[in-house]
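> The structure that follows is given in the form of structure tokens.
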Amino acid sequence: MREWWLLVGLICVPLMAVYLHIPPPALSPALQKWYNSGESFNFKGSNIFYRDSLGAVGSSDVVVLLHGFPTSSYDWNKIWSALNQRFHRVVALDFLGFGFSDKPRGHRYSVFEQASVVEALLAHLGLGGQRVNLLAHDYGDTVALELLYRCVHGTLSLSTLFLTGLFPETHYPRWIQTVLKDVGLLSPVLTRLTNYMMFSRSVGQVFGPYTQPTDEEFWDMWTSLRFNDGNLVMDSVLQFLNQRAKHRDRWVGALTSTLVPLHMIYGPLDPVNPHPDFLLRYKYLVQRSTVTLLDKHVGHYPQLEDPLGFLNAYYGFINSF
């Protein structure tokens, strides 16, 4: 009898550790360096992580980088130094619920609030009245559209907007994302059961087959997600997918009516915004925008999969003014 209970204990303890994710993963040296280079400011009682770097002398241009789901500002690490050579100021943040920012449980995360976080950061940095360039990806695209709406209606000043994906009608989230946002009471269980293998497999599916992250890069993504138990709020953050559909007219309307210069960069192997449907839809609706189609092997994370091609596209757009 004693041996039977011992066997059950030996099985249950590691299963419980997996369920509770004990212990959390440690930051890699590269991720620790990124964290140490940043600061935080307070937004309505929550700490928001950001990086603010002074770069090119003689330039007054500011670029603000808005990351995607489920990752963080570290998505921009491969192009950070290059951007500093072009812009006077490069700013990136981790949205509330992401990366090194606070991740309150039971919070009603919204795109509107994240846009207000960006505006609050700009005010905190003394950039509230200055025209800024937005460079956005994935989740950050939707936040950028809300900021664009505020720009169209006179509450924000933007110089340019650079996007990577937008429309709910041509957007195909991963299966696990759809499940997590819609299963209600089961979500807390599923978020705890999500592990590194499941995460890396899901994220890897949105990269091209020849541009996959390294094991170290996958681990850094997972570690930033797990920081402050971010895995436990994924279901709440994912409500942005429902918000995209609900507020489509507001955000796509701002996109089609703005006079702010627009550019879209696109990886043709992006399964979230599949080719050619997404690109045709974008060109039809946003006729004022220019577009860069990257190498045929690039997927959903162009700034990580093809940083040089991404930078060339961005510089070509910025330098055209």
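> Going by what's in this entry, would N47 be described as touching a Ser or Thr at 6+ places or on another chain (Cβ under 9 Å) and over 23 Å from N231 (Cα atoms)? Working first, answer last.
Numbers: touching a Ser or Thr at 6+ places or on another chain (Cβ under 9 Å): yes; over 23 Å from N231 (Cα atoms): no.
So N47 does not fit the description; no.
> Name the residues in segment 298-310 that are open to solvent by less than 30 Å² (accessible area, probe 1.4 Å) and more than 18 Å from the chain's Cα centre (by Cα), would you?
So in segment 298-310, the residues open to solvent by less than 30 Å² (accessible area, probe 1.4 Å) come out as 298-305, 309-310.
The answer is G309, and nothing else.
> Select from segment 262-297 the residues that are of a type in the set (A, V, I, L, M), open to solvent by 40 Å² or more (accessible area, probe 1.4 Å) and part of a helix (DSSP H, G or I) and list them in ascending order. I'd like the intermediate steps shown before the answer.
Going residue by residue through segment 262-297, those that are of a type in the set (A, V, I, L, M) are 262, 264-265, 269, 272, 279-280, 285-286, 291, 293-294.
When the remaining residues are screened for being open to solvent by 40 Å² or more (accessible area, probe 1.4 Å), the result is 269, 280, 285, 291, 293.
L280, L285, listed by residue number.
> Turning to a different aspect of this structure: Return the residues of segment 51-72 that are over 15 Å from the mean Cα position of the chain (by Cα) and outside any strand (DSSP E or B); say none if nothing qualifies.
Listed by number, the residues that qualify are G55, A56, V57, G58, S59, S60, D61.
> Got a sec? Which of F218, F207 is at pLDDT 85 or above, open to solvent by 10 Å² or more (accessible area, probe 1.4 Å), among the aromatic types (F, W, Y) and part of a helix (DSSP H, G or I)?
Details: F207 fails: part of a helix (DSSP H, G or I).
The conditions single out F218.
> Of the numbered conditions (1) open to solvent by less than 60 Å² (accessible area, probe 1.4 Å); (2) touching a helix residue (DSSP H, G or I) at 6+ places or on another chain (Cβ under 6 Å); (3) in a helix (DSSP H, G or I); (4) not aliphatic (A, V, I, L, M), G253 fails exactly one; give the number of that condition.
(2)
> I'd like to check something: does segment 36-50 contain any residue that is assigned to a loop (DSSP other than H, G, I, E, B), surrounded by fewer than 20 Cβ atoms within 10 Å (Cβ to Cβ) and without any contact (Cβ under 8 Å) to a residue 12 or more places away in the chain?
Checked segment 36-50: at least one residue is assigned to a loop (DSSP other than H, G, I, E, B), surrounded by fewer than 20 Cβ atoms within 10 Å (Cβ to Cβ) and without any contact (Cβ under 8 Å) to a residue 12 or more places away in the chain.
> Return the residues of segment 274-321 that are among the charged types (D, E, K, R) and in contact (Cβ under 8 Å) with a residue 40 or more places away in the chain; say none if nothing qualifies.
So the first thing to find is which residues in segment 274-321 are among the charged types (D, E, K, R), and the list is 277, 281, 283, 288, 295-296, 305-306.
Hits for segment 274-321 are D277, R281, E305, D306.
The values are calculated or read from the model by the stated rules, or taken from the named source; none is laboratory data. This is a predicted model, so every value here is computed, not measured. FYI the Cβ positions are ideal-geometry reconstructions off the backbone, even for glycines, and counts take in every protein chain you see. Ligands, DNA and RNA are excluded from the accessible area calculation, which covers all protein heavy atoms including side chains. Shrake-Rupley method; radii C 1.70, N 1.55, O 1.52, S 1.80 Å.
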